[in-house]
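Notes follow the structure.
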Amino acid sequence: MGYTALYRKFRPLNFSEMVGQEHITRTLKNQIIANRVGHAYLFNGGRGTGKTSAAKILARAINCLNPKDGEPCNECEICKGAISGSLTDIVEMDAASNNSVEDIRSIREEVNFLPTKAKYRVYIIDEVHMLSTGAFNALLKTLEEPPEHVKFILATTEPQKLPATILSRCQRFDFKKISNGDIIKRLEIVCKESNIEITKEALQIVATLSEGAMRDALSILERCIQDGENQIDEDKIKDLVGIPKMVYVHDIVEAIIRYDVDKALVTVNEVLEDGKDISNLLWEIIKYVKDILLYKATNHLELYSEEEKVKVKEISETVEKERLINLVYAFSELENEMKFSTQKNIIFQAGIIKLCSKLTINSVGNSDLEQRVDKIENYLRSHTGNANSYRQQPVTTEVKMAYNIPANNTQTVKNNEKKTSSGPKKMETSTYSNKVEEYWPQIVRDLKQNGKIVLYTNLINTRAREINDMTVGIEFPNGLTSFGKTVLEKQENIKELTNLVSMASGKPMNIKYITNVGNVGETKEPNIKSIANDSDIPFHVIE
């Protein structure tokens, strides 16, 4: 007899052996006991959650000669024939490879014939969402009013792809992901019957990697015994699936927290040279940072050895919660960047270098620089909206405290007030040239006059050119900082610039930022400070 895979060898033979789907098996058993079995069922759920197994059990149960509490006996002629595959009255069809109209028409012709041995002819159509539109239409009438001796059981992982007319004709059962606890219990039974020795830590890793799919868990378990040894530990599983050892993950996270870029890169290179998958490494790092944050908040940690718990405790005592939260966000953004890159290793290493830099902008909010500039802009807007009109207003104690104005600056501000006119200037509607190269500098100047200091500061020395009839490109010859990128990519700022360019062009236009990446690292804070000083805006940076 040939070798049988574990997921086939230990496929459930009755409803009681299915794990994690009690809400479905209970209903099906009650229908069988009450003799109220429907004519069409739709089993929906993720891979490896028991859809096909439940369909086979249901097909045997409604045809079993000696059913017990809604369960098939698996001993009668019908049950044995169904298990061995010799019973022709239970038809299993894969819609992925049999999705044409002709395949469904053959079913329509067969349903008119009575079953040979069983009480019902049962059609199990797996991956039913793969049927063509014509095949669905051919199935409609038969599915709605099949003969009394015919039952349909449809299984799919993507019910949204099924026509509403099909969905409305079926009793739908949603299979949920199996919990790690239920997977571990089932794996313990499988290991005991297969004489496999496995540690609790290894069982937990298998359950986590399976992501709620029992079949995936059994497949991982089977890979671990292919070398002929029936002893499985944590390191063996990690080596097989490409998960880096915990010591590497700890060293990388510790180096990032201590801003030790050399140690971080050396450890990353060791992991890559060991042949580990970079995505698995990033996933482990995110999980490890999350566990440190959890331990810092609750002083509770699971699935770690005592030695590892000591290391987690040491790190948690040297880092703030805010930094850990920022790291989780930063790693998640790095993961998204890697998805769309063909050079994942380079992107990953560049991200690690960035996180080891103390100059990294806070990933969950504005940087301190942006917050300070926003304060200035809000102050200007609150005083008639004109960048120069703030001179007409006395500087109160509250404003001094908000912007850290030294006490001796009061007289300077009063002197500036005397030099200005008695009232604010009225805003005039600007008249723009039709050429983008000519009207763009005027737009930038108007941003300053209207109190849009943040936008104005980041658009200094920029040029604009018409890319096509619908798009204006804004060029940054001196590069664009990460702070500037954050400001310019705000929706309200994009909308502001789009409206101004459209008004100047006399037609709807879009904008596109064109940057020189070689100068992205330059800082724009000196420019902001210069503009503030030129306009006599109180500006004081607190380090």
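For the stretch 311-326 versus the stretch 54-109, the inter-centroid distance based on Cα atoms is 56 Å. If you take all other residues with their beta carbon under 11 Å from the beta carbon of Phe175, and give Lys and Arg +1 and Asp and Glu -1, the sum is +4. Over all distinct Cα-Cα pairs of the stretch 29-102, the Kirkwood formula returns a hydrodynamic radius of 13.6 Å.
Using only the Cα atoms of the stretch 159-263, build the gyration tensor, take square roots of its eigenvalues as a ≥ b ≥ c, and label the shape rounded, prolate or oblate: rounded if a/c is under 1.5, else prolate if a/b is larger than b/c, else oblate. The shape class here is oblate. Within the shell of other residues whose beta carbon sits under 13 angstrom from the beta carbon of Lys192, the net charge comes to -1, with Lys and Arg scored +1 and Asp and Glu -1.
Taking amide H atoms as placed 1.01 Å from N in the peptide plane, the amide H of Asn510 lies under 5 Å from those of Thr471, Val472, each 5 or more residues away in sequence or on another chain. Kirkwood hydrodynamic radius of the stretch 99-178, from the reciprocal of the average inverse Cα-Cα distance over all distinct pairs: 13.4 Å. Assuming R0 = 51 Å, what is the FRET efficiency of Thr486 and Lys200, from their Cβ-Cβ distance, to the nearest 0.05? Result of the calculation: an efficiency of 0.65. Rg and Dmax over the alpha-carbon atoms of the stretch 1-124 stand at 14.9, 41 Å. Ratio of Rg to Rh for the stretch 141-191: 1.19 [Cα atoms; Kirkwood radius as inverse mean 1/r over pairs].
In the context of the full set of protein chains, the stretch 170-232 has a per residue accessible area of 53 Å² (1.4 Å probe).
The values are calculated or read from the model by the stated rules, or taken from the named source; none is laboratory data. Just so it is clear, the model here is predicted, and its values are computed rather than measured. Glycine also receives a Cβ, built like all others from the backbone with ideal geometry; neighbour counts cover every protein chain displayed. Quick note on the areas: whole protein, heavy atoms, side chains included, nothing else; ligands and nucleic acids left out. Shrake-Rupley method; radii C 1.70, N 1.55, O 1.52, S 1.80 Å.
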